[in-house]
Amino acid sequence: MVIPMEVYEGKAKKVIPLDDDKVILEFKDDATAFDGKKKAQFKGKGWLNAQISALLFKVLEESGVKTHFIGVAGDNRLIVERLRMYPLEVVVRNVVAGSLKKRLPLEEGTELPEPIVELYYKDDGLGDPMINRYHAKVLGIGEDEVREMERIALKVNEVLRKYFAERGIILVDFKLEFGRNKRGEIVLGDEISPDTCRFWDAETRESLDKDVFRFDKGDLISAYERLYERLTGETPNRR
Ligand code: 5GP
């Protein structure tokens with residue numbers, strides 16, 4: 001997807017053009033799961049996801065990962081670099097959960113000996129199928145580009161896994177999206193939030209992410225607020 005010149009509304013975010021180089025990402029309170037079959041709204045989710053994404057992009061930038069993050073622009077909005085997005089989801093996994101249980105004969109919660117990286121083609125009509133480098137090539141995405149996205153994804157994993165472990169949280173798995181900027185560099189885009197990652201409390205193994213909504217495990221906002229508190233040491237001051 002090319003980030004459009006007009007407002008683009010996705011399931012959980014809006015992309016609002018600012019100028020030739022920048023767009024605003026507006027995080028909505030809407031939540032969807034299972035290809036949009038399950039839907040709800042949670043007051044305050046947009047704010048929490050915007051703030052958590054901003055914080056994690058800053059952590060990554062400080063560790064030398066190039067991201068699209070420029071700044072926070074109000075409650076639930078980020079200013080980001082305009083990118084030409086790849087129609088790919090790059091998933092990294094450290095612990096068995098979610099759809100990996102359908103691929104490997106391993107029990108939920110098993111720690112993987114090394115991270116697994118997976119590629120998915122972003123296409124609602126096809127249900128975001130898992131693809132490999134050969135499929136990517138047919139889609140016009142070269143091997144070097146895939147390799148670079150995988151390299152950055154593993155670096156993101158290294159940085160964030162340690163960051164979360166220091167705060168008593170297991171980074172189980174997460175999804176990233178990438179794009180190219182004006183200079184042709186491959187840059188991390190989209191969001192990194194409890195909507196796009198699995199976070200488990202290291203002691204209790206409770207979910208602090210969207211699985212709370214997917215599998216009716218409790219109150220989504222309290223889970224996201226607990227995550228926010230663990231990361232910032234602060235109680236969220238607005239919803
Ligand atoms: P799984 O393949 O197990 O369903 O998802 C793996 C990880 O990637 C989870 O952390 C999940 O939240 C994230 N993920 C995968 N696909 C999507 C997607 O289409 N939207 C969002 N928000 N997250 C996704």
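The values are calculated or read from the model by the stated rules, or taken from the named source; none is laboratory data. Since this is a predicted model, take the numbers as computed values, not measurements. A quick note on method: Cβ atoms are made from the backbone with ideal geometry, for glycine too, and the neighbour counts reach across all protein chains shown. Calculation scope for accessible area: heavy atoms of the full protein, side chains included, ligands and nucleic acids excluded. Shrake-Rupley method; radii C 1.70, N 1.55, O 1.52, S 1.80 Å.
Within this structure, Arg230 passes the test of being open to solvent by 30 Å² or more (accessible area, probe 1.4 Å) and outside any loop (DSSP other than H, G, I, E, B). For region 29-44, the set of residues classified as under 20 Å from Val7 (Cβ atoms) and either buried (at least 19 other Cβ atoms within 10 Å of the Cβ) or over 15 Å from the mean Cα position of the chain (by Cα) (or both) consists of Asp29, Asp30, Gly36, Gln41, listed by residue number. For region 109-127, enumerate the residues that are within 11 Å of the ligand (Cβ to nearest atom) and surrounded by fewer than 17 Cβ atoms within 10 Å (Cβ to Cβ). Within region 109-127, Ile116, Lys122, Asp123, Asp124, Gly127 meet the criteria.
Yes/no per residue for (1) open to solvent by 40 Å² or more (accessible area, probe 1.4 Å); (2) more than 16 Å from the ligand (Cβ to nearest atom); (3) in a strand (DSSP E or B):
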| position | (1), (2), (3) |
| --- | --- |
| Glu6 | yes, yes, no |
| Lys14 | yes, no, yes |
| Gly46 | no, no, no |
| Ile52 | no, no, no |
| Glu61 | yes, yes, no |
| Val90 | no, no, yes |
| Arg93 | no, no, yes |
| Glu107 | yes, no, no |
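Within the bounds of region 70-88, is there any residue that is surrounded by 13 or more Cβ atoms within 10 Å (Cβ to Cβ), assigned to a strand (DSSP E or B) and within 13 Å of the ligand (Cβ to nearest atom)? Yes, some residue in region 70-88 is surrounded by 13 or more Cβ atoms within 10 Å (Cβ to Cβ), assigned to a strand (DSSP E or B) and within 13 Å of the ligand (Cβ to nearest atom).
Of the candidates Val156, Val172, Val146, the single residue that is under 23 Å from Thr204 (Cβ atoms) and either open to solvent by less than 20 Å² (accessible area, probe 1.4 Å) or not in a strand (DSSP E or B) (or both) is Val172. Close Cβ contacts (under 6 Å, 6 or more residues apart or on different chains) running from residues in region 139-166 that are farther than 16 Å from Thr196 by Cβ to residues that are part of a helix (DSSP H, G or I) and basic (Lys, Arg) comprise Glu143/Arg133; Val146/Arg133.
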